[in-house]
1. Starting from 0.36 nm per residue, how many nanometres of slack lie between residue 144 and residue 20 once their C-alpha separation is accounted for?
2. For the residues 70, 41, 3, what sequence is obtained by ranking on other C-beta atoms within 10 Å, fewest first?
3. Starting from the Cα gyration tensor of the chain, take the square roots of the eigenvalues, sort them a ≥ b ≥ c, and report rounded, prolate or oblate (rounded when a/c is under 1.5, otherwise prolate if a/b is larger than b/c, else oblate).
4. How far apart, in nm, are the 7 Å Cα→Cβ label points at residue 74 and residue 114?
5. Sorted from fewest to most neighbouring beta carbons within 10 Å, what does the list 162, 59 look like?
6. Expected output is a single nm value to one decimal: the length gained when fully extending between residue 8 and residue 85, i.e. 0.36 nm times separation in residues minus the C-alpha distance. What is it?
7. Please give, to one decimal in nm, the separation of the simple spin-label points placed at residue 92 and residue 153, each 7 Å out from Cα toward the Cβ.
8. In square nanometres and to one decimal, what's the mean projected area of the convex hull around the Cα atoms of region 105-155?
């Protein structure tokens with residue numbers, strides 16, 4: 001499977017998938033990326049993994065409901081300062097933490113506005129994290145090798161399966 005094939009399949013599935021399943025999809029990725037943020041926070045003595053957990057739990061509790069926009073804005077205001085800036089850190093750990101925190105931010109946005117572009121962005125944060133880890137492990141991998149790497153393809157398959165409900 002190529003990247004363009006994945007995007008085509010993903011978009012078609014997202015268009016046919018319920019809001020609850022899309023929220024579950026985002027929650028799954030946020031849960032899987034959370035350890036990356038926690039590790040970054042411990043290594044750099046910076047950030048707030050508990051707040052990320054709180055945001056994820058808010059999304060879990062409000063799945064399928066109309067969220068209060070002032071509650072969501074409050075989480076945005078708390079979350080924004082704990083998203084790592086690559087200019088301040090610049091290592092792989094911070095890239096993973098950036099992806100984790102941005103995925104949570106996107107999920108909050110999705111709960112607020114139901115715009116499925118947020119689901120696509122959450123998907124991308126997960127695959128980018130895998131891509132970065134592969135590049136960190138072997139800097140000689142080309143873009144073509146990364147795109148066709150088994151770990152990336154398996155993630156794409158997993159994500160498509162999550163939308164098959």
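Where a number appears in this text, it was derived from the coordinates with a stated rule and is not lab data. It should be emphasised that the depicted structure is a prediction, and the values quoted were computed from it without experimental measurement. Cβ placement follows ideal geometry from the backbone for every residue including glycine, while neighbour counts extend to all protein chains displayed.
1. The residue 144-residue 20 span can extend by a further 41.2 nm.
2. In order of increasing Cβ crowding within 10 Å: 70, 3, 41.
3. Taking the square roots of the gyration eigenvalues as a ≥ b ≥ c, the chain is oblate.
4. Using points 7 Å along Cα→Cβ, the separation is 2.4 nm.
5. Exposure proxy ranking, most exposed first: 162, 59.
6. Answer, rounded to one decimal: 24.6 nm.
7. 2.3
8. 3.9
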